[in-house]
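The values are calculated or read from the model by the stated rules, or taken from the named source; none is laboratory data. Values in this document were obtained by computation on a predicted structure and should not be read as measured data. Backbone-built Cβ (ideal geometry, glycine too); neighbour counts: all protein chains shown.
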Amino acid sequence: MSKFGSLRLSRSSLKLFQDCPRCFWLDLHHKIKRPPPFPYTLSSAVDFLVKQEFDKYRPTGELPPIFVQHGVRAKLFNGEQLPVWRENFKGVQYFDEDLNAMLYGAVDDVLEFADGSLAVVDYKSSGSREIRIYEDYQKQMDIYNWLLDRNGFQTQPEAYFVFYQVDKTGGGFQNALPFIEQLKAIKVDKTWVGDVFEQAVMVARRDTPPEIETPCPHCIYVQQAAQFFNPPAKKSKKPSSQEPLIVLE
Ligand code: SF4
């Protein structure tokens, strides 16, 4: 990565920066990535199907029933930008000329209100007993709204999660997985995003990785394991006939 070249940071790379600036730097400069989580193929399949279902309402201007039941008065956004906004590695983009850097993030869906303002919708599926809005979910919505804002769109103070929670009351699987659909609205806070984006860009342009105060378990593992992968060179010594020969099997 050129120190002075343009940067493209995704929403998830901003999350990585907030989790650990050092890991963020290692990823950007050396493509050293944290161990990936298990692929969320079931969640991705649910997202895919919900998108298909919601898209049937879009041309008519009707809302999917879950929004109507909760008194949301809007329609699904049908602007020409939506296909790009939903596309991974593109999404809603904002290029900051001063920072010479772009931030982007792909949304699941967007609502449009009568005054033209927009609200972001994200689909989540879960097998947990309780629906929880994790801190990362909140930040995700904050970033999307900040990006829409920077693109000149007026945004609503709220964003919406449509949760699909596995219904475990059926007494068996029977080769079908029923879900309970729930809508949760959260207040959006865009105030922190610009500063964190700028800080991430500053760290990305450093020649050396930032120091960390408290290493996480991954880092401790790497430090401890490294001594066995790169042992210090020892003077060769002929084993005496008394020394046992250790054989690893
Ligand atoms: S402490 Fe180390 S392994 Fe953990 S996130 Fe930071 S750089 Fe990565």
All positions within the stretch 62-86 that are exposed (fewer than 11 other Cβ atoms within 10 Å of the Cβ) and either at pLDDT below 95 or in a loop (DSSP other than H, G, I, E, B) (or both): GLY71, ARG73, GLU80
Taking ARG150, is it free of Cβ contacts under 8 Å to residues at least 60 places away in the same chain and surrounded by 11 or more Cβ atoms within 10 Å (Cβ to Cβ)? yes
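Looking at the stretch 170-201, which of the residues that are of a type in the set (Val, Ile, Thr) and in contact with a strand residue (DSSP E or B) (Cβ under 9 Å, 6 or more places away or on another chain) is farthest from LEU14 (Cα to Cα)?
Of the residues in the stretch 170-201, the ones of a type in the set (Val, Ile, Thr) are 180, 186, 188, 191, 193, 196, 201.
Filter again for in contact with a strand residue (DSSP E or B) (Cβ under 9 Å, 6 or more places away or on another chain), leaving 180, 186, 188, 193, 201.
Values: ILE180: 32, ILE186: 20, VAL188: 17, VAL193: 9, VAL201: 10 Å.
The selected residue is ILE180.
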Give just the number: which of (1) more than 16 Å from the ligand (Cβ to nearest atom); (2) buried (at least 16 other Cβ atoms within 10 Å of the Cβ) does PHE48 not satisfy? (2)
Which numbered condition in (1) within 16 Å of the ligand (Cβ to nearest atom); (2) surrounded by 11 or more Cβ atoms within 10 Å (Cβ to Cβ) is the only one that PRO37 fails? (2)
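The rows are residues; the columns are (1) surrounded by 10 or more Cβ atoms within 10 Å (Cβ to Cβ); (2) assigned to a helix (DSSP H, G or I); (3) without any contact (Cβ under 8 Å) to a residue 12 or more places away in the chain.
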| residue | (1), (2), (3) |
| --- | --- |
| ASN175 | no, no, yes |
| ILE180 | yes, no, no |
| LEU183 | yes, no, no |
| THR191 | no, no, yes |
| ASP195 | no, yes, yes |
| GLU198 | yes, yes, no |
| VAL201 | yes, yes, no |
| GLU211 | no, no, no |
| HIS218 | yes, yes, no |
